[in-house]
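Step one of this worksheet: look at the structure below.
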Amino acid sequence: MRSQSLLLAAALVASPVANAKSLKDIKHIVLFMQENRAFDRYYGTMAGVRGFADPNVQVNPDGRSVFEQPISPAQNGVNILKPWHLNYLGGEWVNATQCMGAGDNGWGTMHAAYNGGLGNNWNNADGGYSMGYYTRADLPTHFNIAEGWTILDMSTQSILAATDPNRIIWMSGSINIPGSPSNPDGKGGMIIDNSATPGCEKPGLNCFPFVWKTFPEYLEEAGISWQVWQDLDNFEDNMLAYFEQYQLAPKGSALRQKGNSYLGLDAFYKHAADGTLPQVSWIVCPQELAEHPPNMPIDGAWLQKKVVDAITSSPAYNETVLIISYDEEGGWADHVVPEVPDKGTPGEWLKDPYNQFGDVPVGPGWRVPRYIISPWTRGGNVFTERADHTSDIMFVEQWAAANGYSGVHSKELTQWRRDHMSNLVNALDFKNPDYSIPPIAQTRTPESLPDEPSRYTGNLTLGSLTGPWVGPARCLSDHKSQNPPIPYGPENANQALSQLVEKGFKQVRGQLTEGRYLTFELSGQALTNIGGNFVGTSRATKLHDDIQQRWVIYAAGGSSNNFFIRSAQDGKYIASLPAVGDLTSNIENAQVFTISYNAQGSTHSLRLAQKSNKFVSVGSQTSMHSSKSPVTWEGCLGWFKIFSVSYH
């Protein structure tokens, strides 16, 4: 018997847009980037994100998923290696692996791992250590921060290359690829590797210094206050210092004072405490706290908590957004193969200047951690839109426009990035702010030199170029080896990766993408597989853990928001034939749904694709029928809460 069922309804629905009034509530934006960690390596086991339980994992023509990385020659009777826990042996390794590295992170290695879109060459390109991962027990502070607010599980590095190109695009929107807006005629020099010596490696390749316009210059011209916060020990990660206009800027000028001075992180903390941060800030941290191997996650956790605490304890927290990200994967594998532009897309493809791979995309690259801390992102959500480092620029652009500033529009971004990368606005629910602060695990203060317990005074005369932190050096010296033996063998090869993932859920924010198990819930009811025959509803569970209510979406083409919906219980699709709402094993008979997002309330609508006036809602009737659907974004009827769930 059908308890309650789907209701097909007619309505007009407007597309979700950035709410200018709500963006006006933001007075301070802080952009903070860490180093060299892939999403899977940190959060592959986290509940409710696109991790090791990915139901849409890419399966290649050889029948193997990208979780099953080939190894040659065979090791211990197997020819694949799956992800493995770095601390599976426990004991001393728990501390030793803090300062271990993985593989290489350069242009050649990343493109080799990408392998023309197969994503199956991590072991050959980077070695078996690239497949290692951490868990919550290894990264409690990181997990608490990411889950306290909103984590992005489809955020990627911008470039299939190392640190410098990714940080350069983060601060300028370009690496000057021929055909890009900053280099339309191809005569300017591009930068695709960590090269910073005067001139070019060869004509047009890795040319230094850089000369195109950076994003802070747009802010300066618009009268928006901004600052790069850094100590003398900045790991050479402030990319503005690589640009000619900053190098030549006179003392006291805006570019020198705001973009290439050394006020110190203590100055940032003080301004946060006083509620006097500029409108836009960039944080460049000391080398030993940046998490770039052998620098340790535990030290990066301390710094991240210190920055988060500074923001959340600030009198201006209720009008501040902090975005924490990582520049690139650092030699650690990720399973989501980058979705790159079509070949020949202007400013996004080039002939490999190292003559290894022929014509290649420059990016986007592999997924990296990113989370957004603010009252409008609180609550343990997952943001599912595709994003990269240009997303930070586009977010600031949206904010600037909402606040009446003109001209803040980076001409350096390619049109493809603007069309395919999120501006992050949908991550924020301005209708439901939450000013509470979640608990965050404490971690020990990073070890420092005995005679230099803290040099971060903001006074340049007290600074040094090397910093006081000694944790990575001590870790390297205290442990004979930082690399545990790789567990090649049947136990690894035969493991069910979904069993590695924590049980739990997160509410979805943003336009949907593949890669998760989902529940669709409205007014206490959830879409339910009824006996393998049709879709009805049943009462939603508190933990969203009923397998009959669990679904997987598959891209259906025609629009990035078009999907088939398939039951996780028996693999059947919601049908269009013989009747909408039936279940079918034949994808040819499956219904295509257009799933749209409403940021004001963090809800989604389900519309029958090709039928602009037919929506899905929950009614009290016992059969499918037509009625009216919500006519505004304010309505509840027809707007589903979607949860990304992880249950074994």
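The values are calculated or read from the model by the stated rules, or taken from the named source; none is laboratory data. Computed from a predicted model, the values in this text were never measured in an experiment. Every residue, glycine among them, receives a Cβ derived from its backbone with ideal geometry; neighbour counts consider all protein chains shown.
Quick check on this structure: which one of ALA96, ALA161, ALA112, ALA125 is among the small types (Gly, Ala, Ser), within 18 Å of the chain's Cα centre (by Cα) and not in a strand (DSSP E or B)?
Exactly one residue qualifies, and that residue is ALA161.
Would you confirm, using the coordinates I've provided, whether ARG370 is surrounded by 24 or more Cβ atoms within 10 Å (Cβ to Cβ), modelled with pLDDT of 95 or more and out of contact with any His (no Cβ under 7 Å at 6 or more places or on another chain)?
When the stated conditions are applied, ARG370 passes them.
Can you tell me which residue is nearest to VAL321 (Cα to Cα) among those in the stretch 345-383 that are small (Gly, Ala, Ser) and touching a residue at least 24 places away in the same chain (Cβ under 8 Å)?
By that ranking, first place goes to SER374.
Would you confirm whether any residue within the stretch 123-131 is within 30 Å of ALA599 (Cα to Cα) and in contact with a Gly (Cβ under 8 Å, 6 or more places away or on another chain)?
no
Results for (1) in contact with a helix residue (DSSP H, G or I) (Cβ under 6 Å, 6 or more places away or on another chain); (2) in the same structural domain as ARG136 (by the TED database); (3) buried (at least 19 other Cβ atoms within 10 Å of the Cβ), shown as yes or no for each residue.
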position	(1), (2), (3)
PRO472	yes, no, yes
CYS475	yes, no, yes
ASN492	no, no, yes
ALA496	no, no, no
LYS506	no, no, yes
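Determine whether the stretch 469-480 contains at least one residue that is modelled with pLDDT of 95 or more and polar (S, T, N, Q).
Within the stretch 469-480, none of the residues are modelled with pLDDT of 95 or more and polar (S, T, N, Q).
Out of the residues in the stretch 311-321 meeting the condition of being of a type in the set (S, T, N, Q) and in a loop (DSSP other than H, G, I, E, B), tell me which one is nearest to ARG41 (Cα to Cα).
Per the stated criteria, the residue is SER313.
Residues VAL337, VAL308: which one is in the same structural domain as PRO184 (by the TED database), touching a residue at least 12 places away in the same chain (Cβ under 8 Å), part of a helix (DSSP H, G or I) and among the aliphatic types (A, V, I, L, M)?
VAL308
Here's a check for you: in the stretch 1-55, which residue that is surrounded by fewer than 21 Cβ atoms within 10 Å (Cβ to Cβ) and of a type in the set (Lys, Arg) is modelled with the lowest pLDDT?
Across the stretch 1-55, the extreme among qualifying residues is ARG2.
Report the residue count in the stretch 268-298 for those that are under 28 Å from the mean Cα position of the chain (by Cα), assigned to a helix (DSSP H, G or I) and in contact (Cβ under 8 Å) with a residue 60 or more places away in the chain.
The total comes to 5.
Checking ALA146 against (1) in contact with a strand residue (DSSP E or B) (Cβ under 6 Å, 6 or more places away or on another chain); (2) not in a helix (DSSP H, G or I), which test does it fail?
Every listed condition holds for ALA146 apart from (2).
Is it the case, given these coordinates, that GLY204 is of a type outside the set (D, E, K, R), under 29 Å from the mean Cα position of the chain (by Cα) and surrounded by 16 or more Cβ atoms within 10 Å (Cβ to Cβ)?
Judged against the criteria, GLY204 is not a match.
Just a yes or no: is a residue in the stretch 319-328 surrounded by fewer than 24 Cβ atoms within 10 Å (Cβ to Cβ) and touching a Pro at 6+ places or on another chain (Cβ under 6 Å)?
no
Filter the stretch 219-267 down to the residues that are free of Cβ contacts under 8 Å to residues at least 40 places away in the same chain, under 20 Å from GLN287 (Cβ atoms) and not in a helix (DSSP H, G or I) and list them by number.
Those that are free of Cβ contacts under 8 Å to residues at least 40 places away in the same chain, under 20 Å from GLN287 (Cβ atoms) and not in a helix (DSSP H, G or I): ASN260, SER261.
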